[in-house]
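Input: a single structure, listed below in structure tokens.
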Amino acid sequence: QFDPRVEWLIAHCKQNLSEKQLLICAHAETALSLAEALRVKAGLHVPVFHEGMTLVERDRAAAYFAEAIDGAPLLLCSEIGSEGRNFQFAHQLILFDLPRHPDLLEQRIGRPDRIGQSSDITIHVPFLQDCEQETLFTWYHEGLDAFSHPCAVGDAVLQRLPVTLQNSGLSAAENTEKLDLTQSLRSELVAAMESGRDRLLEAHSCRPQQ
């Protein structure tokens, strides 16, 4: 009743009914509440996928979402949707909230970003301004560049940040310091990872004729 992200989601879904969209949030309660809001406020009936369902129920929800013609345009997933399921037929990913660990964000993005994905993935991150949500988004986006490229060094960057800078509820000065240090660490770790590539293995694995 009070979260403006819900109204944004309803409007976005109505405008993109022809697109397959995957929404991932942290908790099953959030997914269920969003499904109810879409049903009551917009008349949209969309499947949910969460840990409180049986394996068969989750399979049915995923199959309904996967149907190309009569399937659902949107699937609402709790965090369990970021583990083990592949949705490479979906081209839009909605992150209704953001996890606090970069590896978990990488897992979420990896659900549609699989072999068989035929187009670029559009990532939507609705957040409230001037609060912790915006701070976390800025750290992922400007610090780790996690929404544009795979971020293999996210955990290493997080571990190297001082303990005082590892949380999201920081002052403006601390957030600036965290952002600058994150960018520096990311560049350093990516460079080290690239210099350590096994080029012989890469050459052996590359078979252009196939």
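The values are calculated or read from the model by the stated rules, or taken from the named source; none is laboratory data. Every value quoted in this text rests on a predicted model; they were computed, and no experiment measured them. Virtual Cβ from ideal backbone geometry, glycine too; neighbours counted across all protein chains shown. When the accessible area is computed, the model is the full protein with side chains, heavy atoms only, and any ligands, DNA or RNA have been set aside. Shrake-Rupley method; radii C 1.70, N 1.55, O 1.52, S 1.80 Å.
Descriptive notes on the structure:
- Those residues of region 110-120 which are modelled with pLDDT of 80 or more and farther than 13 Å from Asn86 by Cβ, in sequence order: Ser119, Asp120
So that you can scan it fast, the table gives a plain yes or no per residue for (1) closer than 30 Å to Leu76 by Cβ; (2) charged (D, E, K, R); (3) without any contact (Cβ under 8 Å) to a residue 60 or more places away in the chain:
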position	(1), (2), (3)
Arg100	yes, yes, no
Arg114	yes, yes, yes
Cys151	yes, no, yes
Leu158	yes, no, yes
Asn167	yes, no, yes
Val190	no, no, yes
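Results for (1) surrounded by fewer than 17 Cβ atoms within 10 Å (Cβ to Cβ); (2) touching a residue at least 24 places away in the same chain (Cβ under 8 Å); (3) part of a helix (DSSP H, G or I), shown as yes or no for each residue.
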| position | (1), (2), (3) |
| --- | --- |
| Phe2 | yes, no, no |
| Leu9 | no, yes, yes |
| Leu17 | yes, yes, no |
| Glu29 | yes, no, yes |
| Ala35 | no, yes, yes |
| Val46 | no, yes, no |
| Val56 | yes, no, yes |
| Ala61 | no, no, yes |
| Phe65 | no, yes, yes |
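- Sole exception among (1) more than 28 Å from Leu158 (Cβ to Cβ); (2) under 19 Å from the mean Cα position of the chain (by Cα); (3) of a type in the set (A, V, I, L, M) for Leu22, by number: (1)
- Residues of region 120-132 satisfying the condition of being polar (S, T, N, Q) and over 22 Å from Gly110 (Cβ atoms): Gln129
- When each of Phe127, Phe147 is tested for being touching a residue at least 40 places away in the same chain (Cβ under 8 Å) and either open to solvent by less than 50 Å² (accessible area, probe 1.4 Å) or at negative phi (or both), the lone residue that passes is Phe127.
Each row is one residue, and each column tells you yes or no for (1) more than 21 Å from Phe2 (Cα to Cα); (2) among the basic types (Lys, Arg); (3) modelled with pLDDT of 95 or more.
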{"position": "Leu32", "(1), (2), (3)": "no, no, yes"}
{"position": "Thr54", "(1), (2), (3)": "yes, no, no"}
{"position": "Ala61", "(1), (2), (3)": "yes, no, no"}
{"position": "Tyr64", "(1), (2), (3)": "yes, no, no"}
{"position": "Arg85", "(1), (2), (3)": "yes, yes, no"}
{"position": "Pro102", "(1), (2), (3)": "yes, no, no"}
{"position": "Arg108", "(1), (2), (3)": "yes, yes, no"}
{"position": "Thr122", "(1), (2), (3)": "yes, no, no"}
{"position": "Val125", "(1), (2), (3)": "no, no, yes"}
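- Meets criteria (under 25 Å from Thr135 (Cα atoms) and either among the acidic types (Asp, Glu) or touching a residue at least 60 places away in the same chain (Cβ under 8 Å) (or both)) for Phe87: no
- Single residue of region 161-210 satisfying the filter (acidic (Asp, Glu) and loosely packed, with under 10 Cβ neighbours inside 10 Å) that is farthest from Arg100 (Cα to Cα): Glu202
- Residues of region 67-101 classified as touching a Cys at 6+ places or on another chain (Cβ under 6 Å) and surrounded by fewer than 21 Cβ atoms within 10 Å (Cβ to Cβ), total: 1
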